[in-house]
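What follows draws every value from the coordinates through simple rules; no lab data is involved. Note that this is a predicted model, so its numbers are computed, not measured. Heads up, the Cβs are rebuilt from the backbone with ideal geometry, glycines too, and the neighbour counts pull from every protein chain shown.
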Amino acid sequence: MGKRALLVGINYPGTKAELKGCINDVNRMHKCLINRYGFAEEDIVVLIDTDSKYPQPTGVNIRRALSDLVASAEPGDYLFFHYSGHGTRLPAETGDDDDTGYDECIVPCDMNLITDQDFKELVLKVPDGCVMTIVSDSCHSGGLLDKAKEQIGESTKLNREESNSESPSGGFRSFLKGKVKDAVHDAFQSRGIDIPDEILHRRHHNSSYEPEEVEEREHAGGRVKSRSLPLSTLIEMLKENSGKDDVDVGNIRPTLYHMFGKDASPKFKKFMKVLFKRLQEGRLSEGGGGHGGIIGLLSGVAHEVLKIKDDKEDEEVEVETEEEVYAGTKKNLPNNGVLISGCQTDQTSADANTPNGAYGACSNAIQAIIAENDGEVTNKDLVLNVRKMLGKEGYTQKPGLYCTDKHLNYPFIC
């Protein structure tokens, strides 16, 4: 029985996205794995961006380390991945098919995004009899493991619709209002304007008003900042890194493909392959989905996209159907994975900088619950207790649990 882990912490020092607590989260989890869960030092890989002695947490380095982690697995092994850093979400290419309506992503230090479908494809390679636990203390992390069953949370469309149907305001009316507000939000985002949720609307899954932690604010004698990377900030950073002034939501995927080529997200490479095909066939305006999809916004960048194709002609990926590009394949489910998210897909996770140190609010609560139970706690009990603790501390984020029924009451990690 092997135990192997990958820990990634990104503080983005010196950038407009800088955080304070992510490296501390990784250091605490590193000690926890060794002292409480019996991991060997040599079986833990650490990627951080504040010490040159460690590999940098770029997109390609994180993907390679994740692939190595899974490739080493055998039945009976325990795999663990902890991520502390920024999260973001892109409006899905066709919002009606994706389980949350967005591509939830983690944000490596070079902005080479890793998507929910990338994580699903990774977990599908985990052998039966082995389990991979993922903790993502980042914003919009609900749904980060695409198509995993939502056991605790309100991020997927199914759970939101069920929650709305039980609301006194009426299921259809609530659901329709949420759809309209999402459409308005996406329209602003497509122009690089980030509208905080507390300004635009109330939560889909809760009729009470819950302000999102968007700006830095006072909390418990310290300062709290969101671990969300708004699309407007992401776009600014992509402009700086790529040297292109015309980046917006409608061409984030082509921009990332242009910047990173074969090292870009497999999801984005598949998207580009479909886009090339549609351009060649003269059917770019077919977006599918209720809002027309991102593909429908791309007609103005057609020539630029074709130029990218010429530059990267040898970078091919296999696409069985266009549906898998939009919403992922439904024939296989990530049954050997467990995701504990720091919040819901439409929420932010807090990065707290207090007199007692800087940390992620969710990571700190996880450590507290582990200490209270001497490490012996199930996935379900851990998430429920972390939710309670964060609520008592005044945080509005609600961690989620995504896994099969079998793993719901499994011990956390191993």
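For the reader, a short list of remarks on this structure follows.
- Across segment 35-52, computed HN-Hα scalar couplings (Karplus, 6.51 cos²θ - 1.76 cosθ + 1.60, θ = phi - 60°) run 7, 10, 10, x, 6, 8, 3, 6, 9, 10, 9, 10, 10, 9, 10, 10, 9, 5 Hz from first to last residue, x flagging Gly and Pro.
- A simple spin-label model places pseudo-atoms 7 Å from Cα toward Cβ; at Phe276 and Lys125 they are separated by 2.2 nm.
- Estimated at 0.36 nm per residue, the fully extended path between Thr50 and Ser72 surpasses their Cα-Cα distance by 5.2 nm.
- Shape of segment 330-397, Cα gyration tensor, a/c cut at 1.5: oblate
- Relative to the current alpha-carbon distance between Lys31 and Arg217, full extension at 0.36 nm per residue lengthens the span by 64.0 nm.
- Orientation-averaged projected area, Cα convex hull of segment 15-94 (nm²): 7.8 nm²
- All other residues whose Cβ lies under 12 angstrom from that of Ile34 are scored, Lys and Arg at +1 and Asp and Glu at -1, for a net of +1.
- Highest to lowest packing among 337-344, 261-268, 116-123, 60-67, scored as the average C-beta count within 10 Å: 337-344, 116-123, 261-268, 60-67
- Counting only Cβ charges, +1 for Lys and Arg and -1 for Asp and Glu, the dipole size of segment 1-143 around its Cα centre is about 700 debye.
- The calculated pair-distance distribution of segment 1-145 uses every alpha carbon pair, bins of 10 angstrom beginning at 0, and gives 12, 42, 35, 11, 1 percent.
- Peptides ranked, highest mean first, by Cβ atoms within 10 Å: ranges 126-133, 222-229: 222-229, 126-133
- Efficiency of FRET from Cβ geometry, Asp245 and Leu384, R₀ 60 Å, rounded to 0.05: 0.80
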